[in-house]
1. Does segment A:111-218 classify as rounded, prolate or oblate by the C-alpha gyration tensor (a ≥ b ≥ c root eigenvalues; a/c under 1.5 gives rounded; else a/b over b/c gives prolate, otherwise oblate)?
2. Among A:63, B:77, which comes first, second and so on when ranked by fewest other beta-carbon atoms within 10 Å?
3. Determine, for each peptide in B:229-237, A:97-105, the mean count of other beta carbons within 10 angstrom over its residues, then list the peptides with the highest first.
4. Sort B:81-94, B:180-193 by packing, meaning the average of other beta carbons within 10 Å per residue, with the highest value first.
5. Could you tell me whether segment A:242-323 comes out rounded, prolate or oblate from its Cα gyration tensor? Rule is a ≥ b ≥ c as square roots of the eigenvalues, rounded for a/c under 1.5, then prolate if a/b exceeds b/c, otherwise oblate.
6. Taking chain A as the reference, fit the longest principal axis to its C-alpha atoms, fit the long axis of helix A:140-152 to the helix C-alpha atoms, and give the angle between the two in degrees, 0 to 90, nearest 10.
7. So how do A:88, A:80 line up by other beta-carbon neighbours within 10 Å, fewest first?
8. Quick check on packing: order B:292-300, A:222-230 by the mean number of other C-beta atoms within 10 Å, highest mean leading.
């Protein structure tokens, strides 16, 4: 590859040899010109890949990596929201302060439980849905688009509607439940109902999206796997267990990782689920997530340093979760 | 299965379609593939469709009533007569006119820039050889795993220092980092752009920029359209960061404006629903028109991811 360019004709479109000129004996000037063009050509070939990828990396450095690292630095300082440029070194004090705060542990627990309540049913339903969508169906595109409609709905709009649907006195859901003899549930103020309600917003928005991802992976499974399983007499359920699920393993892992990251960041849904309580996540912090707690510390209590410490703690938790995920997936791969 | 093929075709390279078809032969006793769905499948799908669409329909119903009606049992199931009045009031109260212009600018600029940068970077990763390519690609994938929310505090400090509070560039610039876009375009171009075409252009003496302009962009157009729509939706719906740096009364995006409607101690629920409806409607229209392509794009990105 490299040698050919040395002998290649100079770029015709960039003013190379004119069509009428005899090509036999190039003049000295012509030779110099060719050498120069060839050098430019080499330079272009060598450096243009870096030029193409550099905008992404520059943006990432400026708005991704630098802020992430700087969050760690800021977490060792006292920084007030009102004067974000005045930083006073306090060492680990921000960390000891938040670890001593019951609301931090409360928020961590809530993030975990809301994460589980929202992620596990979501992915299970998405899997079942994908399996059904994989059948030959009438109007299959319609179902797919309809199930993606919640994904097009913003967190703000979805949360505001769900607040009404989950209303204690006049909400649609309590109204429907009274027909089956269930008394009005206080979805906003009781701990588990409120966590379930907040999670349901997440589930509603993301189930269809994950179903499509599973469906795509299912369609990539070679059909002969099913054929040979069917020849061996495997029932459809057995085929699902022994062909579909193992083939989907990388996709499942991918969705679990993405959902875990998403669940650790839940913010808008609990913020708007009780808009008057705002950042406290309910009257008794019953659905305050770490994302909300960070916001409360940083923007309500105006301690940006402490908020940074929370952000970095969340980052470290994510790294641990990532490592655990990696180890589990390697185990699974090794055992299969 | 035929519908699947057409769904995905929009972003599949031409030559991949026949091979995909060849593999799929009708056969009855299989869990996946060609089995016809029975009545249970349709019932389950019907339930999920209703659950998916009902909150959106009910948003419109609630927006067409008034506050008193929403504080009565049973809740309304049919449209009232207040829709246009509520839309009008919400539009003015929530500063929605300005919010729409702002969000269109933000989402449009972000989506266009991300698509452009992702295409050239994805092309370099997919088709060009250079030192450090593998390591750099690993970094790109790694950055997809770090949620941007963890970086908001220094970003907020930057915005405060530059005095960009309530200005759109404060929202646009951080949104331009999209590792997903680079990854998405790389996966697409690896298979959609034959090496021979690039070689041919090279032999003709085309510079790298010419190759990008005349070969890569035309070949990548379907994937660029899908990525553009996905990024537009994502930026349009972005909440946390705009909520921090923009104010509802000053220079909001739609999400900030709509969220602001829910505050206040005696909020008018029908107005809130009208605002939520207005904020959602544009994207629902986009989905109604391009739904098939978006579905195909998400599935396309998923298989390779």
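Read-outs throughout are calculated quantities, based only on the coordinates presented, and are distinct from any laboratory measurement. Note that the coordinates shown come from a computational prediction; the quantities given were computed from them, not determined experimentally. FYI the Cβ positions are ideal-geometry reconstructions off the backbone, even for glycines, and counts take in every protein chain you see.
1. Values: a/c = 2.11, a/b = 1.82, b/c = 1.16.
Here segment A:111-218 falls in the prolate category.
2. Fewest-to-most ranking of A:63, B:77: B:77, A:63.
3. Averaged packing, sorted descending, gives the order B:229-237, A:97-105.
4. Highest to lowest by the protection proxy: B:180-193, B:81-94.
5. Since a/c reaches 1.5 but b/c is at least a/b, the shape of segment A:242-323 is classed as oblate.
6. For A:140-152 against chain A, the angle is about 80 degrees.
7. Values: A:88 9, A:80 15.
Placing the least packed residue first, the sequence is A:88, A:80.
8. So the order, starting with the most tightly packed, is B:292-300, A:222-230.
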